[in-house]
1. For Phe101 and Phe201 in one chain, what is 0.36 nm times their gap in residues minus the Cα-Cα distance, to one decimal in nm?
2. Any idea how far apart Ile56 and Leu345 come out in nm if each label point goes 7 Å out from Cα toward Cβ?
3. Give me Thr66, Thr116 ranked fewest to most by other Cβ atoms within 10 Å of their Cβ, as a rough exposure proxy.
4. On full extension of the chain, what length is gained from Arg30 through Ser8, given 0.36 nm per residue of separation minus the C-alpha to C-alpha distance?
5. For the chain, what are the DSSP H helices with axial Cα length of 15 Å or more and mean Kyte-Doolittle hydropathy of at least -0.5?
6. Whole-Hz ³J(HN,Hα) for each residue in the stretch 116-122, computed from phi via Karplus 6.51 cos²θ - 1.76 cosθ + 1.60 with θ = phi - 60°, x for glycine and proline: what do you get?
7. Looking at the calculated P(r) for the stretch 31-345, what percent of the C-alpha pair distances fall above 25 Å?
8. Mind checking the full-extension length gain between Leu186 and Glu240? Use 0.36 nm per residue of separation minus the Cα-Cα distance, one decimal, nm.
Amino acid sequence: MKTLKRISVAIIVFVLGFILYTLISTGFFRVVEPMLHGEIIKKVAVKGAEDITVSISDSFVLISATDRANISEINKDGGLYMIDLKSNNFVPQLLTKSLSFDFEPHGISYFKKDSTYHIMAINHANEEHSIELFELSKNELVHKRTLKDPSMIQPNDLVMLDENRFYFTNDHGYTEGIGKVMEEFLGLAVSNVIYYDGEGFKEAAKGIAYANGINFDKKRKLIYVSSPRDFSVKVYSKLEDGSLSFIEDIACGTGVDNIELDENSDLWVGCHPNLLKFNAYRNNKEVKAPSEVIKITYKNRGDYSVEKIYIEDGTEMSASTVAATYKDLVFVGNVMDEKFLILKLN
């Protein structure tokens, strides 16, 4: 009888500990206090603008968007958009309306060679995964190639090194069953980064809790990978063979998502302050989820700072995923809101 009682107490303690760990590690107890170093100057009506990147040299914005709340339906407005920043009207132009295949884009990246932009986008259409390659020249987008590989377990984001080589993240190691549940709630570090050298795929880094956004600092040959489940950005040095050598974690105190770099190589990250609220919102169990934008200035190992730029409870826009800068503007995207924000900083 005593043994049974001890086992029962141990099970209760374990369950309570698991619940408490999950609540603390996902930001459940965090109080979201609204702040903004500037103002919202525009809300652009594009659904699910999950990833955004900016060409500073040619003054335009690329946007990956689709109606993720109705992902099983045919999304005629899903695709890649462009905003010309030479004017101030911020009107998005759909670049992919003439595609002959289903396209549900996620992470995007570009590499400019001569006057042509090579663009890659992760595609989740028809519950499958692929990476689509495009060329953009004079505002005309042409599809060039599709890549598929068993290493694409659950691809999330990617970053191009040139027109052929790139990295992408798998945000899960398990895609179903108890493994996926344990991974999400316990924060198991079983996702990874894959490198494509122009001919084949190989694992470049592993042991990451929900590998999400990824970007490359060309000057210092550093790769940054966001781990929202660990509330950190992981820093790696890029080796000649494409493998990644871990340097350190940047503690961010929030669920970091996509990473963009500005002209000073500072990191701008769209974040989810409360992962449980984000998950409930994504599954249509909450009407909104908080948004946050942070700026990370990284110098060397152990020498970095994290600055809060924008925080709010989801009233203006829910579930921010990316923050891309252009001069004093910040383009803030999201998972599945009806619009994305343009901030003007002080």
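1. 33.6 nm
2. Modelled inter-label distance: 1.1 nm.
3. Thr116, Thr66
4. 4.8 nm
5. Those that clear 15 Å and a mean of -0.5 are 2-25.
6. Couplings: 9, 9, 8, 10, 10, 9, 6 Hz.
7. Tail fraction, whole percent: 44.
8. 16.0 nm
Laboratory data are not the source of any read-out in this text; all were calculated from the coordinates shown. Note that this is a predicted model, so its numbers are computed, not measured. Please note: Cβ atoms are built from the backbone with ideal geometry, for glycine as well, and neighbour counts cover all protein chains shown.
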